[in-house]
1. Filtering the range 144-165 down to residues that are assigned to a helix (DSSP H, G or I) and surrounded by 18 or more Cβ atoms within 10 Å (Cβ to Cβ), which residue is nearest to the chain's Cα centre (by Cα)?
2. For the range 90-133, give me each residue that is more than 19 Å from residue 57 (Cβ to Cβ) and assigned to a loop (DSSP other than H, G, I, E, B).
3. Considering only the range 109-132, how many residues are out of contact with any helix residue (DSSP H, G or I) (no Cβ under 8 Å at 6 or more places or on another chain) and either within 14 Å of residue 83 (Cα to Cα) or buried (at least 18 other Cβ atoms within 10 Å of the Cβ) (or both)?
4. Given the conditions (1) loosely packed, with under 15 Cβ neighbours inside 10 Å; (2) in a strand (DSSP E or B); (3) without any contact (Cβ under 8 Å) to a residue 40 or more places away in the chain, and given that residue 178 satisfies all but one, which numbered condition is not satisfied?
5. Answer yes or no: is there a residue in the range 134-143 that is in contact (Cβ under 8 Å) with a residue 24 or more places away in the chain, assigned to a loop (DSSP other than H, G, I, E, B) and in the same structural domain as residue 63 (by TED's automatic domain parsing).
6. Check residue 75 against each of (1) under 21 Å from the mean Cα position of the chain (by Cα); (2) closer than 26 Å to residue 173 by Cα; (3) loosely packed, with under 12 Cβ neighbours inside 10 Å and name the one condition it does not meet.
């Protein structure tokens, strides 16, 4: 009886072999077609851009993570115009709603948020009060222009700037902080 079962199985598997091959080929074609469709949806990698030392306008997305207790994390779209002396920064939600606008000039800075206006004596004070951590504004504008600017406790990685990315990290004083910018 074992030999009959073995023969039946062998016969069945031999006759099913073309069906199994056809299914395998159909699955492979489906997988290749899916990959082709998905790769068509992928965004193309941006071409590296030359760093413009005279540039005074940037747009994109930013993220700020502060390793405080409890940890703080913030991300938004941004539009930045100006320099460390005078300018405007607009922050927006993923849907494009304006979350806040910061305006500054020598001796004053204004935060417009939700219909409320707050005044500060400097951009540095405004940033520290709103983000919970000091950020080296003059150095940040230098980094945006691709210039190395040393700030005690901070490290800026400018290598990805031609690819539209800026990463800066504060190691000291604690809590540590990470600032990431991705440009449009």
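1. 161
2. Residues satisfying the conditions are 93, 94, 95, 97, 106, 107, 114, 115, 121, 122, 132, 133.
3. Qualifying residue count for the region: 2.
4. Going through (1) loosely packed, with under 15 Cβ neighbours inside 10 Å; (2) in a strand (DSSP E or B); (3) without any contact (Cβ under 8 Å) to a residue 40 or more places away in the chain one by one, residue 178 breaks only (3).
5. Yes.
6. (3)
The values are calculated or read from the model by the stated rules, or taken from the named source; none is laboratory data. All values derive from a computational prediction rather than experimental measurement. Reconstructed Cβ throughout: ideal geometry from the backbone, glycine too, with neighbour counts over all protein chains shown.
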